[in-house]
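A short worksheet on the structure shown next.
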Amino acid sequence: SISKTEGVRYSFFNQDTQSSIEQRYQLESHLVDALNNQELYLNYQPLVCLKTHRILGAEALLRWHNPVLGQVPPDKFINLAEHNGQIIEIGNFVLHSALAQAAHWQALQQSDFRIAINISPLQFRAPNFAEHIADLLTLYQLPTTSLELEITEGILLQDEHLAHDSIKKLQAQGIRISLDDFGTGYSSLSYLQKYSFNTLKIDRCFITNLEKNEQDRELTRAIIAMGKKLNLHVIAEGVETQEQDRFIQSEDCDYGQGYLYGKPTSADEFESNYLTE
Ligand code: C2E
Ligand code: MG
Ligand code: MG
Ligand code: MG
């Protein structure tokens, strides 16, 4: 009968809704203890200079392993942490771990080592963020020029004045600011005009189909050329094939990041793969 069908539908709908709410609740309840239980750690992915094919540094990427949930990708929990405010504490953990690691690698290499760290909107808007970063660099005895902060346009959407001031303060100290996932938002171009970034990271979605898609080649070419005109360094994200590498090189892109050069790995693996001969 009709009512039975509806009943079935209703309960299915209800189950689905409940399971996604439960999932979120479960994630959140585990995330609360993740730091204390030492379930969070960083992976590092090489940033490669396309001209010399040398590794100039690494991007720190957050990882979460929970005994019940297993490995939870950042795309699943960073937003949650942003919403409940935990990202401040977690972001601090990321900053401390990544800067300590970078100081160690810089000493090991006896040369510049660039560390790129992702910063979330809530973190960036915290009072005295620029001063906090300066204190951390002093604590770990790292030159300001070895730090690059990766931000997305979400940061710029919320409070333009604050973002502008923070970016200027950080850059005045020598810290680089890169605009991450470039091309995926909806006002990226006007942001380039309003702010002076140091680096542009072309989103992976442009790079993935370079071989197959003429339009993606044109867009990538245009983004690199525009970045250079604006005196920005340009990094192509998500480079997986030789053809993609050849294309971005031929377009004079500065840096590459992607599985072709190296996947994100533990600090130990990064060190033995890339920093010791
Ligand atoms: P993102 O900053 O754009 O980082 C690049 C993402 O692309 C990483 O995903 C990386 O593993 C992946 N990737 C790199 N090369 C390739 C490739 O050749 N092919 C493919 N398919 N993927 C590649 P991941 O580690 O899952 O991180 C996802 C996002 O989570 C990051 O995107 C960033 O927005 C955020 N995130 C990661 N760590 C942190 C953190 O410490 N703080 C904050 N606020 N956000 C973070
Ligand atoms: Mg990034
Ligand atoms: Mg990105
Ligand atoms: Mg991203």
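The values are calculated or read from the model by the stated rules, or taken from the named source; none is laboratory data. Given the structure is predicted, the values throughout are model-derived calculations rather than measurements. Quick reminder, even Gly has a Cβ in these numbers, built from the backbone with ideal geometry, and neighbours come from all protein chains shown.
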query: List the pairs whose first member sits in the stretch 125-137 and is in contact (Cβ under 8 Å) with a residue 12 or more places away in the chain, whose second member is of a type in the set (Gly, Ala, Ser), and whose Cβ atoms are under 6 Å apart, counting only residues at least 6 apart or on separate chains?
result: Phe129/Ser166; Ala130/Ser166
statement: The residue that is nearest to ligand 4 (Cβ to nearest atom), considering only those in the stretch 166-180 that are in contact with a helix residue (DSSP H, G or I) (Cβ under 8 Å, 6 or more places away or on another chain) and among the charged types (D, E, K, R), is Arg176
Number of the exception - Asn118 against (1) loosely packed, with under 15 Cβ neighbours inside 10 Å; (2) within 16 Å of ligand 3 (Cβ to nearest atom): (1)
query: Quick check: anything in the stretch 101-112 within 19 Å of the chain's Cα centre (by Cα), of a type in the set (Ser, Thr, Tyr) and under 26 Å from Gln257 (Cα atoms)?
result: no
query: Is it the case that the stretch 231-241 has a residue that's part of a helix (DSSP H, G or I) and either within 22 Å of the chain's Cα centre (by Cα) or modelled with pLDDT of 95 or more (or both)?
result: no
message: Which condition from (1) among the polar types (S, T, N, Q); (2) touching a Phe, Trp or Tyr at 6+ places or on another chain (Cβ under 8 Å); (3) within 16 Å of ligand 1 (Cβ to nearest atom) is the one that Asn209 breaks?
response: (2)
task: Can you give me the ranges of the strands (runs of 3 or more DSSP E) entirely in the stretch 27-91 with at least 1 residues that are hydroxyl-bearing (Ser, Thr, Tyr) and in contact (Cβ under 8 Å) with a residue 60 or more places away in the chain?
output: 40-49
- request: Evaluate the stretch 147-168: report whether one residue or more is within 16 Å of ligand 2 (Cβ to nearest atom) and in contact with a Pro (Cβ under 7 Å, 6 or more places away or on another chain).
  value: yes
field: Checklist (1) part of a loop (DSSP other than H, G, I, E, B); (2) over 20 Å from the mean Cα position of the chain (by Cα) applied to Asp245, failing item
entry: (1)
- line: Within the stretch 198-215, residues within 16 Å of ligand 4 (Cβ to nearest atom) and not charged (D, E, K, R) come out as Thr199, Leu200, Ile202, Cys205, Phe206, Ile207, Thr208
Subset tally (residues that are under 26 Å from His132 (Cα atoms) and either loosely packed, with under 14 Cβ neighbours inside 10 Å or within 16 Å of ligand 2 (Cβ to nearest atom) (or both)) for the stretch 64-74: 1
task: Tally the residues that are over 19 Å from the mean Cα position of the chain (by Cα) and either at positive phi or surrounded by fewer than 16 Cβ atoms within 10 Å (Cβ to Cβ) (or both), restricting the search to the stretch 197-218.
output: 7
